[in-house]
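Enquirer: Sending over a structure as structure tokens; questions will come in a sec.
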Amino acid sequence: RGPAVQHRDYLSRSWRWGEMTEPLLASSVVGGDPVAPPLEPLAAEGEAAGAAVAPAPAAAEATADAPPAYSFKAFAMELGLGRFVAALEAADLLGNYVDTCESPLTLFAPSDEAFSRLGDLPIDLQVLRELLCVHITLGSLSHAELLNTRSITTISQQTHHVVLADDGGPPRVLQVGSASLVETDVQLPDGRGVLHVIDSVMCCIRLLQHCRYEQVWNKTVRPSPKVGLAGEWRQRQDELHAILIHCDTWQPRFQGLRGSVVPLGGGGSTGEKTHKSFQDGTVHFSELLILEKPPEMSKKKRKKPEDQLADGSMSQQPALDGNQSSNYRIMFSLYRRFEPADGAAP
């Protein structure tokens with residue numbers, strides 16, 4: 001009902017049925033999927049070795065003549081990104097990752113104004129780390145390269161969809177995840193990557209409670225998933241969707257779940273009533289019901305002797321496909337609703 005509305009998927013994360021995620025950056029594999037390397041200080045082994053063997057005097061003299069070590073803090077402060085630097089320091093990601101990572105990085109740095117709009121940063125160190133890690137991608141991705149891709153994956157394994165946002169008039173702004181790029185292609189020193197300044201703190205999706213590994217078709221998912229959000233989202237436009245993904249084919253089953261959409265509106269200074277499933281930054285999919293019938297239930301029954309024809313052959317019927325499993329993932333995606341401009345096609 002009402003005017004036509006466009007929905008656009010901006011960012012997503014997925015988990016297997018029953019898969020409990022490990023703390024981010026604590027292990028190299030989570031449920032068979034690669035994640036970011038452990039955030040251990042790269043100098044830890046060297047310091048341990050140095051306790052037993054002192055460096056030679058000649059090496060010390062050579063070190064004194066070496067150029068100063070790379071400092072992202074000094075570089076970013078010159079760009080007016082003091083709050084981004086402060087957040088990285090608070091999360092222990094500056095010296096232990098950004099400054100020392102051997103791979104080039106793409107950094108999506110929220111402006112100081114964006115941090116001011118967000119308010120206080122998360123107190124919990126792990127939440128703060130996860131929030132900042134959705135702003136970092138391995139590899140150097142320029143504005144032109146982002147234009148040629150549909151999505152990128154951050155070091156925390158959250159996917160950001162890349163689109164040209166159309167707000168009704170030129171110029172069209174490149175949007176990565178839930179943020180728009182306001183300054184692009186700021187090259188980091190010594191080929192260490194590229195930085196893009198964005199207009200908001202990207203939304204981070206965190207799994208707080210997953211469901212059991214085994215579920216029953218046409219029944220409510222138990223225990224019901226709980227998803228935490230950190231960062232910034234648009235209250236009147238954004239929705240969190242739970243989408244069923246078949247593990248063998250990686251195909252989404254958009255009609256596979258009921259009760260899978262939770263609006264993120266209301267609350268705060270708007271005076272609007274919040275959705276009953278969204279409180280204090282937590283989305284509770286309490287009415288999530290499985291509509292997708294498992295493959296084995298969709299297969300036709302085996303032939304009975306009475307199905308045999310007079311000539312001894314069997315009636316024509318598709319053979320059972322034993323290759324498809326009934327293993328699924330749940331993908332949580334942030335969608336943004338857009339009402340088309342007057343006179344524009346929906």
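The values are calculated or read from the model by the stated rules, or taken from the named source; none is laboratory data. Owing to the predicted nature of the structure, the values given are computational and were not obtained by experimental measurement. The area values use the complete protein model at the heavy-atom level, side chains included, leaving out ligands, DNA and RNA. Shrake-Rupley method; radii C 1.70, N 1.55, O 1.52, S 1.80 Å.
Enquirer: Could you grab the relative contact order for segment 142-222? Cα pairs under 8 Å, six or more apart, rounded to a whole percent.
Expert: 19 percent
Enquirer: I would also like to ask the following. What figure, in Å² to the nearest 10, do you get for the accessible area of TRP217 with a 1.4 Å probe and non-protein molecules left out?
Expert: The accessible area of TRP217 comes to roughly 90 Å².
Enquirer: Could I ask something else about it? Counting only the heavy atoms of the protein chains, how much of LYS226 is accessible to a 1.4 Å probe, in Å² to the nearest 10?
Expert: 70 Å²
Enquirer: Further, regarding this structure: For HIS143, HIS241, write out the residues from largest to smallest accessible area, computed with a 1.4 angstrom probe and no ligands counted.
Expert: Values: HIS143 55, HIS241 30 Å².
Largest to smallest exposure gives the sequence HIS143, HIS241.
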